[in-house]
Amino acid sequence: MKLPYLHTGSRLTAMTDRVGGLCLTEAYTGGQLESGLHLSFDDYPGLGVRKPPRTVGNYEDPQALFAGQRLLVIQNGRVRWGEDDLGQVAEGPKQLAAVNKYILIFPDKKYVDTEAGMLGEMEVSCTVGGAAFSGGTVTAEDTAWPFRVGDAVAIEGCRSVPANNRTLIVRQAEAGVLTFDDNAFEPAEEASVTLTRKVPDLEVVCESGNRLWGCAGNTIYGSKLGDPLNFFVYDGLSTDSYALAVSGEEPFTGCAPYGSYILFFREQTAHKLYGTRPANYQLMTVHIPGVRRGAAATLWNDSEVLYYLGAQGVYAYGGGVPELLSADLGPITGARPCGGAWMGKYYLSACVGGREGIYTFDARLQSWLPWGEGSALSMAVQDGMLHLLMADGALLAASGGEDREDWMAAFRPLRDGTGRNSRCTSFAIDASPAPGAWFAVEIRSGEGTWQRIALFDSRVQGPRPVRLPPNRGMRLQIRLVGHGPCRIRSIERRFRMGSDIS
């Protein structure tokens, strides 16, 4: 005859002496988190509360953020360079990069001249009537040409002599006369012609080697050296523009310099462009996880580690096979993810575990934590500080705020020491709230509601005993909530063996 197991005297303990980061899969270990808010590992080996961010501005209908000599913010279709309103662009997501004194804005194909403090057009065009072609000149009386010496200009609309429809380099520009190479044209008179400094419709952009690089369709483009307004200058010099068509049907999803080469990403592959000038550029294709479509804003190079969001999660590229960093988080979604790096952490704005928010990856500890609520549209580092342009219009500096914040840390269900014949009787939580701060302990079993069982302030430091109501210890969870700075060092759980219920 089988008798029930009776045992009432044994006590067990389980110690979590390292509070872990987020783990949303079933491969979690004791001390890892299910969710949280405003957390940081700055107080490691304890879990702490983040330093509050500081609001440095508020913008209506924000679109993009970029760091230069000042912060550039695009809001409500207007370009703001510091406190100056420079002009209008189309609404919608942007791709930005900086070369020399220019900040380039795509898909608008506009630029900010940071020295002159003005907004200009990268692609300029001029239609003239009664144009005379002779030798190396185009003459149109009283025309103020919008071109500079060195610009590559496409000439279109020549009907009398179609051979004059060419792309040539401006050698001299004067009122009414535009000079190109000697004997570039056959003599002709044209009723109307259009001259254009063309810029490709780049879908992703970056700067490398004092050139603007980008992709349009299946073609990789590099601008003229030092001149991001010219993409079709072919003068036989090392400063020439560059273009290369690449096979494949997948669109390009991002590009970024890394070491001595540039990476042009698709979702499942990447192309490495080596070299220093058009004569020695070489392209190599590698089959590695690429950047997810729509996630170009997550690319960020920090200490020679390139972080980005790919199809399977967040990756760290160090020159070889990218390492998946987000296996503990499960699927990552979000319409407009973006990222940034600062002080040894990678910040990601995305939807993780169904929760939209900003999450940090601590490169030293290889752990993720929930940093804040809401979503960011762009991130940039200015004057040594990470700035986040939030979807609600707030521009935040990642640190420097003075307000104390609410925080929360919900741990995964307890495993060690629990079972059918045991019940958790108490906790001992080693935590140190700052003066004036407090924290509370809440528990639940399974999918039940959270029940608050203890509240502590800063008057007593060190381990705090917390007694639990009767429970079977199965799927028991603990959640800490609080207000103000606090450091959580360890959680000790005590169990008592009970009788078998069978």
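For this structure, a couple of remarks:
- Residue order, fewest to most surrounding Cβ atoms within 10 angstrom, among Leu202, Leu324, Leu377: Leu324, Leu377, Leu202
- When each of Lys94/Lys345; Lys101/Lys272; Lys109/Lys224; Lys94/Lys272; Lys101/Lys224; Lys110/Lys272 is checked by Cα-Cα distance, pairs over 19 Å: Lys94/Lys345; Lys101/Lys272; Lys94/Lys272; Lys110/Lys272
- Toward the positive end of the charge dipole of the chain, with +1 on the Cβ of Lys and Arg and -1 on the Cβ of Asp and Glu, the farthest Cα among Phe264, Tyr221, Gly393 is that of Gly393.
- Computed about the Cα centre, the dipole magnitude for the range 124-197 is approximately 240 debye when only Lys and Arg (+1) and Asp and Glu (-1) carry charge, each at its Cβ.
- Highest average packing first - 261-268, 48-55, Cβ atoms within 10 Å: 261-268, 48-55
- Label point distance in nm, Ala154-Arg277, each placed 7 Å from Cα along Cα→Cβ: 2.7 nm
- Both radii are taken from the alpha-carbon atoms of the range 341-455; with Rh as the Kirkwood radius, Rg/Rh is 1.04.
- A Cβ-based charge dipole, computed about the Cα centre of the chain with Lys and Arg at +1 and Asp and Glu at -1, lands at about 3520 debye.
- Cβ-to-Cβ counts within 10 Å put Lys224, Lys101 in ascending order as Lys101, Lys224, the fewest first.
- Each peptide in 340-352, 58-70 was scored by the mean count of other Cβ atoms within 10 Å over its residues; highest first, the order is 340-352, 58-70.
- When the chain is described by a simple charge dipole with +1 on each Lys and Arg Cβ and -1 on each Asp and Glu Cβ, the residue from Gly353, Ala410, Tyr307 located farthest towards its positive end is Ala410.
- With semi-axes defined as the square roots of five times the eigenvalues of the C-alpha gyration tensor, the equivalent ellipsoid of the chain measures 62, 23, 16 Å, largest first.
- Two-decimal Rg/Rh across the range 124-197, once Rg and the Kirkwood Rh are taken from alpha-carbon atoms: 0.90
- The chain, relative contact order [Cα under 8 Å, separation at least 6], %: 18 percent
We did not get these values from a lab; they are worked out from the coordinates using the rules stated. Note that the coordinates shown come from a computational prediction; the quantities given were computed from them, not determined experimentally. Neighbour counts run over all protein chains shown; Cβ positions are idealised from the backbone, glycine included.
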